[in-house]
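First the structure, in the form of structure tokens, and then the observations on it.
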């Protein structure tokens, strides 16, 4: 797409379509007031950032001289944000028949062994990132493998695509195969080197990544906490209270600790940049502590259902008494799809099984601004506020014959009418609904069929 130049010598681009984003959390604010919907909108970008959005008719004269990419009857949304995913598990999606602990030993650990080979890791990282873009995911919090080579390969591929990605080397010094085990000291040293190499390079960020309490000694967790003190801008990314058998084993390994979360807390790992995947078995006291610490939970419904781990208490995380930031995670490859639309679909069903309701706008909030807040990136990503980085997607609500039949009419003109259309997108949509993905205003993926 050609661009023209503003008087300040900076490039401008325009995108026309139905604009949908969120300006507040619909779990806590009136839902329709949390949604920003412009049925025929124009988004103007300047050097990859949002310069202005508004109704096309109101802005068209002001920007008459810039090139505009028009997406009639398409929905333009901020890029999806995946708050928990494993890139080394890409090739083992849909591995049959086990629950968490058996699944790790039978499938995951043998697969992750391959990532000592950087060339192999690079191949998988490339495919993984392309698959994210094809599904409309523009930012993710990612587990690499135990090998530093796997982190280098991932960040190099993410850098080539100018992506905002967060990742880290897995730390495991017990209860894992020898070929996947490090030591407390080696994991500290290698992680420190990786942080110095990659954190805040371009759009990349680092997460200190102990796999979970079962595979880390107390010494390793304490050294992970030391890294958070030494580099206060990095993240903590781990698993928490996913599976009943896991929680029972954790109690055996740490009998002196007052619960699973407390193990991390004693090591200094529970803070405002800590993201805990799953949280299916959390106690009331643990929800309260996560709220106090301003930590976040990655809700991974397809994985929780696939491994039989249980039903996440979203309503408790989003309670007014002890609210916790929540984003959606695909948790590939225990998760069953790269698509956050399909993940939202399963989140709706989990809520139904818990006798709760997850509206389409709440689901889409979790996939966008909610995810950005969970990752402390909402100053840069998550909606179309002026100045934010323009990672966005173009969604086709008629992407399949059935969806076209379901949504035969033109895009609605009101937020109230949009709710039904958005719900059909959440329930029926997948990668086919993603017409295009833009990174900092540049086309990164376009569906050709």
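The values are calculated or read from the model by the stated rules, or taken from the named source; none is laboratory data. Predicted, not measured: the structure shown is a model, and the values here were computed from it. No Cβ is skipped: glycine too gets one built from the backbone with ideal geometry, and neighbour counts run over all protein chains shown.
Conditions tested, residue by residue: (1) under 25 Å from residue 343 (Cβ atoms); (2) at pLDDT below 95; (3) in contact with a strand residue (DSSP E or B) (Cβ under 7 Å, 6 or more places away or on another chain); (4) buried (at least 23 other Cβ atoms within 10 Å of the Cβ).
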position: 4; (1), (2), (3), (4): no, yes, yes, no
position: 12; (1), (2), (3), (4): no, no, yes, no
position: 41; (1), (2), (3), (4): no, no, yes, no
position: 54; (1), (2), (3), (4): no, no, yes, no
position: 62; (1), (2), (3), (4): no, no, no, no
position: 68; (1), (2), (3), (4): no, no, yes, no
position: 81; (1), (2), (3), (4): yes, no, yes, yes
position: 93; (1), (2), (3), (4): yes, yes, no, no
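Checking region 383-397 against the condition returns a match, with at least one residue being surrounded by fewer than 17 Cβ atoms within 10 Å (Cβ to Cβ) and within 15 Å of residue 439 (Cα to Cα).
Every condition in (1) over 29 Å from residue 317 (Cα atoms); (2) modelled with pLDDT of 95 or more; (3) out of contact with any strand residue (DSSP E or B) (no Cβ under 7 Å at 6 or more places or on another chain) is met by residue 187 except one, and the failing one is (3). Only one of the listed residues (363, 419, 372) is touching a residue at least 60 places away in the same chain (Cβ under 8 Å), assigned to a helix (DSSP H, G or I) and in contact with a strand residue (DSSP E or B) (Cβ under 6 Å, 6 or more places away or on another chain). That residue is 372.
Looking at region 421-448 only, could you name the residues that are over 28 Å from residue 49 (Cα atoms) and touching a helix residue (DSSP H, G or I) at 6+ places or on another chain (Cβ under 8 Å)? Selection gives 423, 424, 427, 428.
Here region 235-248 is the region considered, the condition is being buried (at least 21 other Cβ atoms within 10 Å of the Cβ) and without any contact (Cβ under 8 Å) to a residue 60 or more places away in the chain, and the residue that is farthest from the chain's Cα centre (by Cα) is 241. For region 227-248, the condition holds for at least one residue, the condition being that it is within 28 Å of residue 81 (Cβ to Cβ), in contact with a strand residue (DSSP E or B) (Cβ under 7 Å, 6 or more places away or on another chain) and assigned to a helix (DSSP H, G or I). Pairs meeting the criteria (first residue in region 121-140 and at positive phi and in the same structural domain as residue 89 (by TED's automatic domain parsing), second residue part of a helix (DSSP H, G or I) and at pLDDT below 95, beta carbons under 6 Å, at least 6 apart or on different chains) are lacking.
Taking the residues in region 255-273 that are surrounded by 19 or more Cβ atoms within 10 Å (Cβ to Cβ) and outside any helix (DSSP H, G or I) as candidates, determine which candidate is nearest to the chain's Cα centre (by Cα).
This residue is 273.
Would a scan of region 50-67 turn up a residue that is under 27 Å from the mean Cα position of the chain (by Cα), free of Cβ contacts under 8 Å to residues at least 12 places away in the same chain and not assigned by TED's automatic domain parsing to the domain that holds residue 203? No, every residue in region 50-67 fails to be under 27 Å from the mean Cα position of the chain (by Cα), free of Cβ contacts under 8 Å to residues at least 12 places away in the same chain and not assigned by TED's automatic domain parsing to the domain that holds residue 203. Among what's in region 349-360 and is part of a loop (DSSP other than H, G, I, E, B) and without any contact (Cβ under 8 Å) to a residue 40 or more places away in the chain, pick the residue that is farthest from the chain's Cα centre (by Cα). This residue is 355. Within the set 312, 276, the sole residue that is in a loop (DSSP other than H, G, I, E, B), within 26 Å of residue 350 (Cα to Cα) and in contact with a strand residue (DSSP E or B) (Cβ under 6 Å, 6 or more places away or on another chain) turns out to be 312. Which of the residues that make up region 380-416 are under 16 Å from the mean Cα position of the chain (by Cα) and part of a loop (DSSP other than H, G, I, E, B)? Within region 380-416, 380, 381, 382, 383, 391 qualify. The strands (runs of 3 or more DSSP E) located wholly in region 116-210 that include 1 or more residues which are more than 22 Å from residue 93 (Cβ to Cβ) occupy 164-168, 204-210. Screening the candidates 414, 351, 359, 399 for the property of being over 29 Å from residue 98 (Cα atoms) and assigned by TED's automatic domain parsing to the domain that holds residue 128 yields one hit, 359.
Restricting attention to region 211-227, does a residue exist that is assigned by TED's automatic domain parsing to the domain that holds residue 171 and without any contact (Cβ under 8 Å) to a residue 12 or more places away in the chain? Spell out how you get there, then give the answer.
Kept after step one, since they are assigned by TED's automatic domain parsing to the domain that holds residue 171, are these residues of region 211-227: 211-227.
If we keep only those that are without any contact (Cβ under 8 Å) to a residue 12 or more places away in the chain too, we end up with none.
Among the residues of region 211-227, not one is assigned by TED's automatic domain parsing to the domain that holds residue 171 and without any contact (Cβ under 8 Å) to a residue 12 or more places away in the chain, which makes the answer no.
Take the residues in region 292-307 that are free of Cβ contacts under 8 Å to residues at least 40 places away in the same chain and out of contact with any strand residue (DSSP E or B) (no Cβ under 9 Å at 6 or more places or on another chain), then tell me which one is surrounded by the most Cβ atoms within 10 Å (Cβ to Cβ). By that ranking, first place goes to 306.
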